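Trainee: Let me begin by handing over the structure; questions about it come next.
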Amino acid sequence: MERGTIYILGIETSCDDTSVAIVSDGAVLANFTTSQWIHEKFGGVVPEYASRFHVEAIAEMAEMALNAAKLNIDQIHAVAVTNGPGLMGSLLVGLSFAKGLCLSLGIPLIAINHLQAHAMSLFIEENAAFPLLCLTVSGGHTQLLLMRNACEIELLGQTLDDAAGEAFDKTGKLLGLPYPAGPWMDKYAALGTASFDFPLSQTPRFDYSFSGIKTSVLYFLKKQLAQSPEFIEKHRNDLCASIQQAIVRMLTAKLILAAEAFGVRNIGVAGGVSANSGLRRELNDLALQKGWKLFIPKMAYCTDNAAMIASLGYKKYLRGEFSNLETPALARFPVTEAKV
Ligand code: KG4
Ligand code: ZN
């Protein structure tokens, strides 16, 4: 018997983006994401505001996605939703909304690990190939995954402290840049030269650490500002270029190490930091030098989005991997047993 088209609705509310998407047999029909600007004035995500905003936005996002896909809610076969890792209050909004939909429509719930979904974004509109190294770099995570095939994913390393995006945001804050500072750092770095040396952290094998750069920038600025109060203003572009270069070098050093250790030439980058032009330039240079094939999803799928949640949900749907309605939200989520 021929199977009809399968529609999966995906929901993502793990941090400060409310996103709803619909995939049809794995192809993205709609993907609506709204970001929360309220956190800007606090210089970081305020969890209580984040969850309140999700409550206000989620139904509208779902309606927009259904309208764009020209579907009625009762045509949806399953709801895929991020249940971790992330901010507990934020996760609970998406998860409760998803459970409510599943209960009222009598359709299955599919709980999704946010980090596995980021890796999945490499396969949306991109023909990524295995074996693949996936570097996930965002405001909340920094991870290096070895994907041998769609089912075998190994966590090679991760950050021991701050995420790469946090490193941009926190050092940028020291320079007086608005939150999130990553895109500003990128913009000013393009106008400057990496003339200041910030030490690169030494970490075990494939792990990362970004708290050191934040501290060294802090002490460096303190010292310089004591001598010249206009130091940041005068050197903003060069400071940005230097910090960006240090972060990019730390990211690519482990990628090179892993690519060589496992003989992998397919390299994917996911997460908001993949927008960074310094990182992209460096990766393109490395790809030329080392014969890598690079996969970087378009921005809407790099930053937090529900299309990646629904896409992974579709794979799980085909395998009958459903979750029960008692599935909890998990602020932390082990990925070592990752299975996509
Ligand atoms: O993936 P994402 O949208 O959300 C999280 O899961 O965190 O990533 C947001 C992070 C922020 O830290 C932001 O500063 C950083 O990505 N980011 C950038 C750039 N664009 C966004 N960092 C450096 N350069 C950029 N162009
Ligand atoms: Zn994310």
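The values are calculated or read from the model by the stated rules, or taken from the named source; none is laboratory data. The shown structure was predicted, so the numbers you read here are calculated from the model rather than taken from an experiment. Note: ideal-geometry Cβ built from the backbone for every residue, glycine included; neighbour counts use all protein chains shown.
Trainee: In segment 1-31, how many residues are hydrophobic (A, V, I, L, M, F, W, C) and either surrounded by fewer than 23 Cβ atoms within 10 Å (Cβ to Cβ) or over 20 Å from Tyr314 (Cβ atoms) (or both)? Outline the logic, then answer.
Mentor: Quick first cut of segment 1-31, residues hydrophobic (A, V, I, L, M, F, W, C) only: 1, 6, 8-9, 11, 15, 20-23, 27-30.
Filter once more, keeping what is either surrounded by fewer than 23 Cβ atoms within 10 Å (Cβ to Cβ) or over 20 Å from Tyr314 (Cβ atoms) (or both): 1, 6, 15, 27-29.
The total comes to 6.
Trainee: Out of all the residues in segment 298-312, which are at pLDDT below 95 and near ligand 1 (Cβ under 9 Å from one of its atoms)?
Mentor: Of everything in segment 298-312, those that are at pLDDT below 95 and near ligand 1 (Cβ under 9 Å from one of its atoms) turn out to be Met299, Cys302, Thr303, Asp304.
Trainee: Read through the list (1) among the polar types (S, T, N, Q); (2) within 16 Å of ligand 2 (Cβ to nearest atom); (3) exposed (fewer than 14 other Cβ atoms within 10 Å of the Cβ), then give the number of the only condition that Gln143 fails.
Mentor: (3)
Trainee: Another question, then. If you go through segment 204-219 one residue at a time, do you hit one that is of a type in the set (Ser, Thr, Tyr), closer than 27 Å to Leu312 by Cα and buried (at least 22 other Cβ atoms within 10 Å of the Cβ)?
Mentor: yes
Trainee: Can you give me the number of residues within segment 150-168 that are touching a Leu at 6+ places or on another chain (Cβ under 9 Å) and either farther than 25 Å from Gln244 by Cβ or surrounded by fewer than 23 Cβ atoms within 10 Å (Cβ to Cβ) (or both)?
Mentor: Of the residues in segment 150-168, 7 are touching a Leu at 6+ places or on another chain (Cβ under 9 Å) and either farther than 25 Å from Gln244 by Cβ or surrounded by fewer than 23 Cβ atoms within 10 Å (Cβ to Cβ) (or both).
Trainee: Output the qualifying pairs, or none if there are none: Cβ atoms under 6 angstrom, residues six or more apart or on different chains, first residue in segment 14-25 and assigned by TED's automatic domain parsing to the domain that holds Met64 and in contact (Cβ under 8 Å) with a residue 40 or more places away in the chain, second residue part of a strand (DSSP E or B) and near ligand 2 (Cβ under 10 Å from one of its atoms).
Mentor: If the second residue must be part of a strand (DSSP E or B) and near ligand 2 (Cβ under 10 Å from one of its atoms), the pairs left are Ser14/Thr82; Ser19/Glu12.
Okay, residues lined up against (1) in contact with a Phe, Trp or Tyr (Cβ under 7 Å, 6 or more places away or on another chain); (2) of a type in the set (S, T, N, Q); (3) under 26 Å from Leu156 (Cβ atoms):
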{"residue": "Tyr208", "(1), (2), (3)": "no, no, yes"}
{"residue": "Val217", "(1), (2), (3)": "yes, no, no"}
{"residue": "Lys223", "(1), (2), (3)": "no, no, no"}
{"residue": "Ser228", "(1), (2), (3)": "no, yes, no"}
{"residue": "Arg236", "(1), (2), (3)": "yes, no, no"}
{"residue": "Ser242", "(1), (2), (3)": "yes, yes, no"}
{"residue": "Ala246", "(1), (2), (3)": "yes, no, yes"}
{"residue": "Arg249", "(1), (2), (3)": "no, no, yes"}
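Trainee: With more than 13 Å from ligand 1 (Cβ to nearest atom), of a type outside the set (D, E, K, R), touching a helix residue (DSSP H, G or I) at 6+ places or on another chain (Cβ under 6 Å) and more than 23 Å from Glu166 (Cβ to Cβ) as the only criterion, which of Phe262, Phe295 stands out?
Mentor: Step by step, each of Phe262, Phe295 is checked, and only Phe295 is more than 13 Å from ligand 1 (Cβ to nearest atom), of a type outside the set (D, E, K, R), touching a helix residue (DSSP H, G or I) at 6+ places or on another chain (Cβ under 6 Å) and more than 23 Å from Glu166 (Cβ to Cβ).
Trainee: Just to verify a result, which residue in segment 32-53, among those that are surrounded by fewer than 17 Cβ atoms within 10 Å (Cβ to Cβ) and modelled with pLDDT of 85 or more, is nearest to ligand 2 (Cβ to nearest atom)?
Mentor: Pro47
Trainee: Would you check which residues across segment 36-47 are in contact with a helix residue (DSSP H, G or I) (Cβ under 7 Å, 6 or more places away or on another chain) and either assigned to a helix (DSSP H, G or I) or among the hydrophobic types (A, V, I, L, M, F, W, C) (or both) and list them?
Mentor: Going through segment 36-47, the residues in contact with a helix residue (DSSP H, G or I) (Cβ under 7 Å, 6 or more places away or on another chain) turn out to be 36, 38-39, 43, 45-47.
Answer for segment 36-47, where residues must be in contact with a helix residue (DSSP H, G or I) (Cβ under 7 Å, 6 or more places away or on another chain) and either assigned to a helix (DSSP H, G or I) or among the hydrophobic types (A, V, I, L, M, F, W, C) (or both): Ile38, His39, Val45, Val46, Pro47.
Trainee: Still on this structure, please answer the following. Hey, among Leu135, Leu91, which residue is at pLDDT 95 or above, under 25 Å from Met185 (Cβ atoms) and either part of a loop (DSSP other than H, G, I, E, B) or within 13 Å of ligand 1 (Cβ to nearest atom) (or both)?
Mentor: Numbers: Leu91 fails: under 25 Å from Met185 (Cβ atoms).
Answer to the selection: Leu135.
Trainee: Looking only at segment 168-198, count how many residues are within 13 Å of Gly139 (Cα to Cα) and either among the aromatic types (Phe, Trp, Tyr) or in a loop (DSSP other than H, G, I, E, B) (or both).
Mentor: Residues in segment 168-198 being within 13 Å of Gly139 (Cα to Cα) and either among the aromatic types (Phe, Trp, Tyr) or in a loop (DSSP other than H, G, I, E, B) (or both): 4 in total.
Trainee: I'd like to verify a number: residues in segment 74-88 that are assigned to a loop (DSSP other than H, G, I, E, B) and buried (at least 24 other Cβ atoms within 10 Å of the Cβ), how many?
Mentor: Adding up the residues that qualify gives 1.
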